[in-house]
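The values are calculated or read from the model by the stated rules, or taken from the named source; none is laboratory data. These numbers come from a predicted model, not from an experiment. Please note: Cβ atoms are built from the backbone with ideal geometry, for glycine as well, and neighbour counts cover all protein chains shown. In case anyone asks, the SASA skips ligands and DNA or RNA and just uses the protein heavy atoms, side chains included. Shrake-Rupley method; radii C 1.70, N 1.55, O 1.52, S 1.80 Å.
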Amino acid sequence: MFTPSALKKLQTILGPADVLTSQEDRISYSYDGTPMLSRLPEAVLRPRTADQIAAIVQLANEEEFAIVPRGSGSGLSGGSVPVENCVVMLTNHWTRILEIDERNLTAWVEPGVITAQFHSAVEGRGLFYPPDPGSAAVCTLGGNVAENAGGLRGLKYGVTKNYVLGLEVVLPTGEIMTVGGKSVKDVAGYNLRDVLVGSEGTLGIFTKILLRLIPKPESSSTMLVMYDRLTDAAETVSSIIAARISPAALEFLDNTTIRCVEEFAHLGLPTNIEALLLIEVDGRGSVVEEDASMIEKICRDHGAREVRRARDDGEAARLRSARKIAFSALARVKPTTILEDVTVPRSEVALMLDRIQEISRKYGLMWGNFGHAGDGNLHPTCLTDERDHAEVHKAEKAFDEVFSAAVKLGGTITGEHGTGLAKRAFLDRLTDPPALQMMRSLKDVMDPRRVLNPGKIFELKPRCEGPMPRRREQIEKFLAQGAFT
Amino acid sequence: MTTTSVKGFAGVDVPNDDVITNCMHCGLCLPTCPTYVLTGLERSSPRGRIRLIKSVASGDLPMSELFVEEMNFCLDCQACETACPAGVRYGSLVEAARAQAFAQERESRATRLLKRFFLGTVFSSHRRLKGLATLLKVYQRSGMAWFLRRTGILAAISPKLARLDPLTPQISDSFSSDVLPEVLSPYGERRYRVGFLTGCIMDVAFGNVNMDTIEVLRRHGCEVIVPQSQSCCGSLAAHYGDMTSARRMAAGAVDLFKRDGLDWIVMNSAGCGAFFKEYGHLFADDPERASAAELVAARTKDLTEFLASTGFRPRHARPSGNKRPPRVTYHDACHLAHTQKVVQEPRRLVQSVPGYEYVELPEASWCCGSAGIYNIVEHEAAMQILERKVDNIASIAPDVLVTGNPGCMVQIRHGLERRGLNVRLLHTATFLREACDP
Ligand SMILES: Cc1cc2nc3c(=O)[nH]c(=O)nc-3n(C[C@H](O)[C@H](O)[C@H](O)COP(=O)(O)OP(=O)(O)OC[C@H]3O[C@@H](n4cnc5c(N)ncnc54)[C@H](O)[C@@H]3O)c2cc1C
Ligand code: SF4
Ligand code: SF4
């Protein structure tokens with residue numbers, strides 16, 4: 001339990017200013033970006049050194065409280081929402097870019113660096129860090145690594161995991177461990193680094209991150225393509241990929257989203273089209289031109305009503321804004337916006353969209369769809385009001401069906417937002433049992449006392465080690481060890 | 001009027017539950033919030049404050065001292081509204097929360113006294129403001145100010161006053177409201193008839209800006225109507241939660257400006273303009289005044305909004321000699337950019353003046369820390385925020401800095417002086433007037 005004595009020890013480790021306990025502070029860290037999830041932490045900590053973190057983790061093991069790491073709290077699966085008997089640990093004293101190594105094209109950063117600030121720092125030197133989640137202006141690199149965040153450039157450039165070369169982490173037992181490094185190749189032993197990427201704060205707290213950079217693409221070309229039929233848009237996506245072109249972005253908006261975007265931003269989009277694609281190619285000048293022309297032809301061959309191709313940077317930005325504001329435009333319609341993240345093989349995008357439409361109609365919900373079509377990563381977005389419990393309940397049931405449909409099509413329940421609290425029930429149902437068992441075992445081995453973000457990704461099951469307790473006192477002892485908490 | 005009693009709040013000016021629910025706690029507003037960037041604490045962020053307001057509303061949190069402190073620590077700059085994807089009207093929440101704190105007397109004694117003095121005494125009556133301003137003028141002109149400042153006597157008498165001294169506006173030689181007749185005819189043919197608010201700070205400290213505004217309007221074919229015996233528009237009181245005074249002053253302004261025959265009411269102070277535009281929501285319990293207030297609100301335009309939409313063109317290029325053209329830049333007043341969403345118009349106008357090189361100011365729409373009487377009530381924070389503004393100005397070293405709000409001018413002038421930067425600081429009206437000069 002989190003006792004007054006634990007609190008005192010924390011204050012000794014950090015100094016009183018970096019231990020926040022007021023009710024106002026606890027309320028302010030009771031949520032992240034996920035709708036309808038919140039809980040008060042016991043305290044909020046702002047450590048400044050890895051040694052402090054290590055000491056706190058050791059204390060958590062001794063005093064039996066949990067630690068929930070938190071970047072900017074923009075997560076959409078409840079990763080940094082407090083759990084029972086926990087302290088929230090902030091990384092916003094850790095905001096330095098420690099090194100940009102132009103010879104090796106790498107950068108050492110602290111976990112609290114804001115993603116967009118990192119983008120501008122490296123781009124200022126002609127370098128490029130591709131992962132660009134829609135939340136880049138607010139989220140942290142630590143949060144990105146913990147969620148293995150994606151973004152608009154996933155199709156060509158991959159996601160966060162493709163850029164993590166090394167990590168310094170404080171393990172759940174309090175040791176500080178370094179994995180990976182500047183070598184591009186490294187096959188010495190198990191690849192622990194990739195186990196930690198996407199671990200959602202359950203296996204370790206990152207204190208330093210080594211990222212891979214690439215040269216900044218020379219030029220780019222942007223176009224917006226409009227379709228009367230959804231299937232034409234979906235087939236365009238498949239054909240572009242089949243033609244061996246890798247656009248930097250291949251994004252999709254459905255009719256509801258288009259109408260909301262137009263109503264909100266007046267970009268002059270026709271509101272009676274069924275789908276819209278935003279396509280962007282980048283690279284060397286002449287190749288970009290060639291690719292763009294080829295894509296334009298493919299779009300027209302698939303019955304595009306209109307292709308708008310940007311002539312300059314200003315126009316490119318305007319076209320891009322249609323996709324960039326999709327989420328804002330939807331979010332304005334109703335108080336509560338539930339943004340989901342199902343992903344299917346690219347070839348199944350059209351089918352998946354059909355299924356989503358059927359399901360939303362069945363439940364009579366207002367629903368917009370947009371997403372990274374090139375990655376098969378869709379964001380079906382339900383617009384509702386959390387005060388209307390009946391409708392929220394319907395939305396939950398609808399999402400349940402959407403997730404099942406995605407898995408049936410060979411897809412997954414989340415492409416980039418993570419499992420956290422919001423989707424752990426589905427993980428339990430939809431993951432291959434041995435795989436799930438392996439995940440649980442890994443967690444048990446690395447975090448035997450369950451101090452780091454317990455209850456995230458999967459629910460805690462009672463620990464049953466050794467023979468079943470039979471006698472009353474055995475059972476009591478078992479319970480006293482916190483077996484069922 | 002609907003009197004709601006949400007658990008922790010009571011009375012008329014209650015934070016609206018729909019607005020609260022509209023916040024989906026995505027956090028996209030965080031990086032634009034000056035107070036969050038200063039402290040790194042979620043409770044000093046828009047998202048945090050909304051959650052605290054929600055908690056007081058639901059009864060989960062009492063209206064604590066820290067709660068009130070956070071509400072007052074907010075600049076009400078509304079940069080968060082510009083950033084918010086969901087269109088949450090944050091300003092309305094924090095203003096209602098302040099009104100609650102004010103009505104329930106939950107603020108610290110010092111804050112209450114300061115607010116009482118400035119809002120209840122200085123700004124509440126225009127006559128009193130002018131009286132005080134006259135005293136201040138004598139003080140400033142007599143060399144007394146210089147003497148007291150130089151010798152440190154002021155600091156010895158009262159350190160708090162000494163810090164505020166540079167922030168007292170330089171009082172104009174004559175108050176514009178004393179010399180302006182009710183009707184000023186246009187130069188040439190009349191195209192519009194516009195009402196003009198002399199304002200309070202504008203009037204006593206920036207009388208020349210008022211004169212420049214009127215000059216520009218007359219050259220642009222406007223007959224300018226200056227209703228006599230105006231008082232403050234009430235925005236300062238409203239932003240600090242004193243809704244009773246705010247309503248009283250707003251009612252006065254509505255009665256003065258509801259007259260027939262005005263095409264537009266033109267504002268040269270961003271804060272007043274923003275509040276005029278909100279008048280429609282103030283009088284829910286007084287339908288007659290409410291409809292007059294709506295009419296006034298619908299007619300209100302910022303000077304730059306009006307000029308840009310009616311095809312204003314500066315007449316003359318200023319001779320720049322054979323040197324490089326002077327560099328001009330523009331600072332967004334929060335209540336113009338974030339509240340009124342007037343961003344492009346002033347830039348277009350400034351850029352239309354020949355003979356200058358326009359340079360965009362980095363973080364132009366980041367608050368300067370003036371924020372009504374914020375630089376008095378939250379002095380330390382206001383000065384830190386000002387430093388960031390001055391850093392940005394220094395980074396492009398402009399010759400002229402143009403902006404559209406008196407509060408920003410007082411604050412930024414202080415910042416420039418402290419840093420020893422030689423930049424001409426002009427109100428948009430003055431810049432445009434100079435461009436019209438033969
Ligand atoms: C408007 C909006 C758009 C978004 N768009 C995208 C998108 O396009 N693609 C995408 O992938 N995501 C997107 N997201 C989701 C979210 O921004 C990402 O998941 C992001 O990576 C979270 O970063 P954060 O700093 O806010 O972390 P938090 O939300 O605070 O935490 C996320 C997880 O990381 C853990 N964590 C944080 N720091 C550390 C650390 N130092 N060590 C260990 N664990 C840590 C936390 O415990 C938690 O489990 C979006 C969110 C919003 C609100
Ligand atoms: S950006 Fe808007 S919706 Fe998001 S947290 Fe801020 S106020 Fe709430
Ligand atoms: S109004 Fe300004 S200071 Fe207040 S919360 Fe919004 S951005 Fe922050």
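What the table below lists for this structure:
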quantity	calculated
Considering residues of region A:386-408 that are hydrophobic (A, V, I, L, M, F, W, C) and open to solvent by 40 Å² or more (accessible area, probe 1.4 Å) only, the residue nearest to the other protein chains (Cβ to nearest Cβ)	A:A390
Members of region A:30-66 that are away from ligand 2 (no atom under 16 Å from the Cβ) and of a type in the set (D, E)	A:E42, A:D51, A:E62, A:E63, A:E64
A:V81 vs. criteria in contact (Cβ under 8 Å) with a residue 60 or more places away in the chain and away from chain B (no Cβ under 13 Å)	no
Matching residues, region A:26-70, being under 18 Å from A:P172 (Cβ atoms), within 13 Å of chain B (Cβ to nearest Cβ) and within 18 Å of the chain's Cα centre (by Cα)	A:R70
Identity of the residue in region B:71-98, more than 12 Å from ligand 2 (Cβ to nearest atom) and under 15 Å from B:V37 (Cβ atoms), that ends up farthest from the chain's Cα centre (by Cα)	B:F73
Scan of region A:137-164 for residues that are surrounded by 22 or more Cβ atoms within 10 Å (Cβ to Cβ), among the aliphatic types (A, V, I, L, M) and within 16 Å of ligand 2 (Cβ to nearest atom), ordered by number	A:V138
Number of positions in region A:214-234 that are surrounded by fewer than 20 Cβ atoms within 10 Å (Cβ to Cβ) and not basic (K, R)	8
Matching residues, region A:4-22, being within 12 Å of chain B (Cβ to nearest Cβ) and open to solvent by 70 Å² or more (accessible area, probe 1.4 Å)	A:A17
Exclusive hit being out of contact with any strand residue (DSSP E or B) (no Cβ under 6 Å at 6 or more places or on another chain) and within 16 Å of ligand 1 (Cβ to nearest atom), set B:R89, B:R47	B:R47
Check on A:M1, within 14 Å of chain B (Cβ to nearest Cβ) and surrounded by fewer than 16 Cβ atoms within 10 Å (Cβ to Cβ)	no
Residue in region A:47-59 that is open to solvent by less than 50 Å² (accessible area, probe 1.4 Å), touching a Cys at 6+ places or on another chain (Cβ under 7 Å) and aliphatic (A, V, I, L, M) present	no
Helices (runs of 4 or more DSSP H) enclosed by region B:172-251 - at least 2 residues per element that are not aliphatic (A, V, I, L, M)	B:176-179, B:207-219, B:235-239
Qualifying positions in region B:19-37 - at the interface with chain A (Cβ under 7 Å from one of its Cβ atoms) and not in a helix (DSSP H, G or I)	B:M24, B:H25, B:C26, B:G27, B:L28
Looking only at region A:76-98, and only at residues there that are touching a Gly at 6+ places or on another chain (Cβ under 6 Å) and more than 19 Å from B:L41 (Cβ to Cβ), the one that is farthest from ligand 1 (Cβ to nearest atom)	A:V83
Unique residue being more than 27 Å from A:P35 (Cβ to Cβ), touching a residue at least 24 places away in the same chain (Cβ under 8 Å) and β-branched (V, I, T) when the list is B:V68, B:V56	B:V68
Qualifying residue in region A:104-124 (condition: closer than 23 Å to A:Q23 by Cα and open to solvent by 10 Å² or more (accessible area, probe 1.4 Å))	no
Qualifying helices (runs of 4 or more DSSP H) (wholly inside region B:301-382; at least 3 residues being assigned by TED's automatic domain parsing to the domain that holds B:R193, open to solvent by less than 10 Å² (accessible area, probe 1.4 Å) and more than 16 Å from ligand 1 (Cβ to nearest atom))	B:303-309
Helices (runs of 4 or more DSSP H) within region A:88-188 that include 3 or more residues out of contact with any Cys (no Cβ under 6 Å at 6 or more places or on another chain) and among the aliphatic types (A, V, I, L, M)	A:115-123, A:141-147
Qualifying residue in region B:1-11 (condition: surrounded by fewer than 22 Cβ atoms within 10 Å (Cβ to Cβ) and either closer than 20 Å to A:A137 by Cβ or under 26 Å from the mean Cα position of the chain (by Cα) (or both))	no
Within region A:359-378, considering residues that are open to solvent by 10 Å² or more (accessible area, probe 1.4 Å) and in a helix (DSSP H, G or I), the one nearest to A:A234 (Cα to Cα)	A:D375
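Residue-wise test of (1) free of Cβ contacts under 8 Å to residues at least 12 places away in the same chain; (2) within 27 Å of B:L30 (Cα to Cα); (3) away from ligand 1 (no atom under 16 Å from the Cβ).
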position	(1), (2), (3)
A:T140	no, yes, no
A:G143	no, yes, no
A:V170	no, no, no
A:G181	no, no, yes
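Here's the yes/no breakdown for (1) surrounded by 22 or more Cβ atoms within 10 Å (Cβ to Cβ); (2) closer than 30 Å to A:G455 by Cβ:
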site	(1), (2)
A:S183	no, no
A:V187	no, no
A:R193	no, yes
A:T236	yes, no
